[in-house]
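In what follows, a structure is listed as structure tokens, so that the remarks can point back to it.
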Amino acid sequence: MVSDFFHPNVGGVENHIYMLSTTLMRMGHKVVVITHSHPPDRVGIRWLSPGLKVYHVPFPTIASSATLPNFFTFLPYLRTIALRERIEIIHGHASLSSLAHEGIMHAHHMGIRTVFTDHSLFGFDDAASILTNKLLEGMLSHVDAAICVSHTGRENTILRSKLAPRVGMCAGDIGDLLDEDDDSDSTSSTDQQDHEQVINRKLGLNPGRIYVIPNAIVADKFKPSPRKRTDKVTIVVLSRLAYRKGIDLLVATAPRICAKFPHVHFVIGGDGPKLIDLLRMREKYLLQDRIELLGAIHPRDVRSVLTRGTIFMNTSLTEAFGIAIVEAACAGLYVVSTRVGGVPEILPEDMISFANPDEDDVFRAISDAIQIVSKDQHDPTKGHERISKFYSWDAVAERTEVVYQQVHSSAEFHFWHRLQNTLRLGAVAGPIFCVILVVDCLFFQFLEWLIPRDQLDFVDDELTDGSTVFDRLRNQRASKRPQDIGVE
């Protein structure tokens, strides 16, 4: 696992990497995490329970725990770690992680296969999104497979990486690509794999290799608390207090809700630049006794805050998945959310009410939800039971393992094919990325001469018999579960 975003920082990507890594370890895989350092404590090699090995590379951060692009300076660290640990797959996380992008670029020099997980939605018309989308397009031209946390996220990734025209290609277009390739042999016994290799070489990542695997939670940590029957309705908001989280909608609708429903109270947890707007709103309408601002919430305290409420309110303007919604529903709350991004994919219709991202519709949806919970039409216990069946890390890890196995058995990108794909990134970006790729390859060859592999101190583990982890797991678990676990 390679990403800028990992513990001790707190967030959705950080938790996803940790939970996926530890679950894969319980399934028998060897997993290490590579991230940047957090001086003075998190430097060098550290271990997290239950034995997850974390390499903290000494790179400083610039903002939001992200590092500057390091390109060639990261290669010596990654090469040493990957070779010593006998890494077979590098799994990068997050579009804004420089380490993830660079890890995927460096991996193919060592014959290591690559997977990338995109956790967020991005736009197309601002400077930050344009730059990020071009980096994503370049990275996906090399990666073996990609994972998104929702179908909406998958569509967004395909559009951002300019894979959309390839989805609609007809059989004739594919045939023309195959006819152009001199090496394709229609009489070969491995036609399908050969054709896949040709298409990948001509087009980069095949959109069929972009999978959807949702996030998950540990349901036992979000059990509902017994509730006393009362007329009081508490609306809980747990979010980063920023523009993209729709805090302006919360500021506009909260006074109207308090005015119409005297028995409704708000509990708002989180920190961010929009906190000042909430404080001003509370002072303006004299709602100090109706709106409680908790500030930043530690992850271990999330359940205790959620169980204080009966309704969870989410006003995000963009959301790839919304793990907070799943946590709230698991804790027994009825959910009200804006209909954006991948949110409509998360819960059944009887557990959530949707609103368009405007003040009047959010007010309407909250009013409907208050009526639902006041009439006891929502059962917290049944909601928890349903969520525990919908989302589990065991299911996420098993589906991710299927992706790993498919990548491990697929045709590999050769350097010349990667160079051709990079040239197609555009008249400006193409040559720039090609120069970086060529220099990176030359630097790798220099490292191979300077520090030969036979001089490295390899880590001793159970994979010293020459077999891959997939061979061992396939033999051990063939009789324990079906082999055709679905990946959407």
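The values are calculated or read from the model by the stated rules, or taken from the named source; none is laboratory data. Keep in mind that what you see is a predicted model, and the values were worked out from it rather than measured. Using ideal geometry, Cβ is built from the backbone for each residue, glycine included, and neighbour counts are taken over all protein chains shown.
Computed quantities for the displayed model
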read-out: Residue in segment 427-444 that is nearest to residue 101 (Cα to Cα), counting only those that are among the small types (Gly, Ala, Ser) and without any contact (Cβ under 8 Å) to a residue 40 or more places away in the chain; value: 430
read-out: Considering residues of segment 134-153 that are assigned to a loop (DSSP other than H, G, I, E, B) and not hydrophobic (A, V, I, L, M, F, W, C) only, the residue surrounded by the fewest Cβ atoms within 10 Å (Cβ to Cβ); value: 142
read-out: Any hit, segment 455-468, residues being more than 24 Å from residue 139 (Cα to Cα) and either touching a His at 6+ places or on another chain (Cβ under 6 Å) or in a helix (DSSP H, G or I) (or both); value: yes
read-out: Meets criteria (of a type outside the set (D, E, K, R), in contact (Cβ under 8 Å) with a residue 12 or more places away in the chain, surrounded by fewer than 20 Cβ atoms within 10 Å (Cβ to Cβ) and not assigned by TED's automatic domain parsing to the domain that holds residue 342) for residue 156; value: no
read-out: Filtered residue count, segment 239-256, keeping only those that are surrounded by fewer than 21 Cβ atoms within 10 Å (Cβ to Cβ) and of a type outside the set (Ser, Thr, Tyr); value: 8
read-out: Residues of segment 277-303 classified as crowded, with 16+ Cβ neighbours inside 10 Å, among the hydrophobic types (A, V, I, L, M, F, W, C) and not in a strand (DSSP E or B), total; value: 5
read-out: Failed item, numbered, when residue 382 is tested on (1) surrounded by fewer than 16 Cβ atoms within 10 Å (Cβ to Cβ); (2) more than 30 Å from residue 93 (Cα to Cα); (3) touching a Gly at 6+ places or on another chain (Cβ under 8 Å); value: (3)
read-out: Unmet criterion (only one of (1) polar (S, T, N, Q); (2) more than 19 Å from residue 217 (Cβ to Cβ); (3) in contact (Cβ under 8 Å) with a residue 24 or more places away in the chain) for residue 73; value: (3)
read-out: Residue match in segment 409-420 (condition: loosely packed, with under 12 Cβ neighbours inside 10 Å and at pLDDT 90 or above); value: no
read-out: Pair list, Cβ under 8 Å, 6 or more apart: segment 346-372 residue of a type in the set (Phe, Trp, Tyr), other residue in a helix (DSSP H, G or I); value: 354/343; 354/344; 354/365; 363/253; 363/256; 363/257
read-out: Residue list for segment 304-336, filter: more than 25 Å from residue 153 (Cα to Cα), touching a helix residue (DSSP H, G or I) at 6+ places or on another chain (Cβ under 6 Å) and not in a loop (DSSP other than H, G, I, E, B); value: 306, 311
read-out: Filter result (part of a loop (DSSP other than H, G, I, E, B) and at positive phi) within segment 25-65; value: 28, 51, 64, 65
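Quick grid of which residues meet (1) more than 30 Å from residue 448 (Cβ to Cβ); (2) touching an Asp or Glu at 6+ places or on another chain (Cβ under 7 Å); (3) of a type in the set (A, V, I, L, M, F, W, C):
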{"position": "7", "(1), (2), (3)": "yes, yes, no"}
{"position": "12", "(1), (2), (3)": "yes, no, no"}
{"position": "20", "(1), (2), (3)": "yes, no, yes"}
{"position": "29", "(1), (2), (3)": "no, no, no"}
{"position": "48", "(1), (2), (3)": "yes, no, yes"}
{"position": "57", "(1), (2), (3)": "no, no, yes"}
{"position": "60", "(1), (2), (3)": "no, no, no"}
{"position": "65", "(1), (2), (3)": "yes, yes, no"}
